[in-house]
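Here's the structure we're looking at; comments come further down.
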Amino acid sequence: AQRVTQPEKLLSVFKGAPVELKCNYSYSGSPELFWYVQYSRQRLQLLLRHISRESIKGFTADLNKGETSFHLKKPFAQEEDSAMYYCALSGVGGSNYKLTFGKGTLLTVNP
Amino acid sequence: DTGVSQNPRHKITKRGQNVTFRCDPISEHNRLYWYRQTLGQGPEFLTYFQNEAQLEKSRLLSDRFSAERPKGSFSTLEIQRTEQGDSAMYLCASSLPSQGDEQFFGPGTRLTVL
């Protein structure tokens, strides 16, 4: 069974501090990993996906297959980063449509 | 707004009533997904369409739930004989494989069953 675990329900940091949102996954095979973000009163949107290897809004995430992790990092948090963050995975190939989400981490960046 | 739209945005109903939600995907997106999100949880996959064909239904989708996408464009999700446990946010998403298959989400329909 595929599963995504986000161990922190809440994370609070000060502006300018580094931030790391943890994500671990369980999947038999090679999944595709994503981070989705939901800002207050907005819809869920894709932040980044591991295959694109991009840095979006200063965030990066590296897939560690050995540790089955896909932690989201940003060196200097900004107040506008405050949001709900969801880690998600999908299969590759025939089952690449279905996203399995973690429970989410609410990030608060304090001034 | 050319994004995914969902109607209604909110629905309050009494237990035992039937409800129907509508999702309009981004134009030309041939894949459409329904998810359900309850308080404190991430979205959970319910079902998936490629064009008008419903290709997978989650075990979460009991016999009281039915989804259609008759012409491969908009989709409807119907819940019959609603129960209090059906109270949730119902999310729709669409994607196009030739454009990276990124799933774009709608604003959701919040269902409250009294």
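Contact order for chain B, expressed relative to its length and based on alpha carbon pairs under 8 Å spaced 6+ residues apart, stands at 36 percent.
Using +1 at the C-beta of Lys and Arg and -1 at the C-beta of Asp and Glu, which of A:Ala61, A:Cys87, A:Phe34 has the Cα lying farthest in the positive direction of the dipole of the protein assembly as shown? Among A:Ala61, A:Cys87, A:Phe34, the one farthest towards the positive end of the dipole of the protein assembly as shown is A:Cys87.
Taking the alpha-carbon centroid of each part, what is the distance from region B:30-109 to region A:1-24 in angstrom? For region B:30-109 versus region A:1-24, the Cα centre distance is 27 Å. Residue pairs exceeding 18 angstrom between C-alpha atoms, taken from A:Lys65/A:Lys98; A:Lys103/B:Lys14; A:Lys15/A:Lys57: A:Lys65/A:Lys98; A:Lys103/B:Lys14. Other protein chain C-beta atoms within 10 Å of residue C-beta, averaged over B:96-103: 3. Calculated from the alpha-carbon coordinates, region B:37-81 shows an Rg and a Dmax of 11.5, 35 Å respectively. Taking only the Cα atoms of the protein assembly as shown, the radius of gyration and Dmax are 17.7, 52 Å. Of the trypsin sites (Lys or Arg not before Pro) found in region A:26-111, those in coil by DSSP whose Cβ has at most 13 other Cβ atoms within 10 Å are A:Arg41, A:Arg53, A:Lys57, A:Lys65. Placing +1 on each Lys and Arg Cβ and -1 on each Asp and Glu Cβ, with no other charges, gives the protein assembly as shown a dipole about its Cα centre of roughly 540 debye. With the dipole of region B:4-114 worked out from charges on the C-beta (+1 for Lys and Arg, -1 for Asp and Glu) around the Cα centre, which of B:Gln80, B:Ser62, B:Gln50 lies farthest toward the positive end? Of the options given, the answer is B:Gln80. For region A:46-86, the convex hull drawn through the C-alpha positions has a volume of 80 cubic angstrom per residue. All Cα-Cα separations within chain B were binned at 5 Å from zero, giving a P(r) of 2, 13, 24, 26, 19, 10, 4, 1, 0, each value a whole percent of the pairs. What number does region A:1-92 give for Rg over Rh if you use C-alpha atoms and the Kirkwood radius? Computed over Cα atoms, the ratio is 0.95.
Read-outs: derived from the displayed coordinates by stated rules, not from any lab. Quick caveat, the model's predicted, so the values are computed rather than measured. Backbone-built Cβ (ideal geometry, glycine too); neighbour counts: all protein chains shown.
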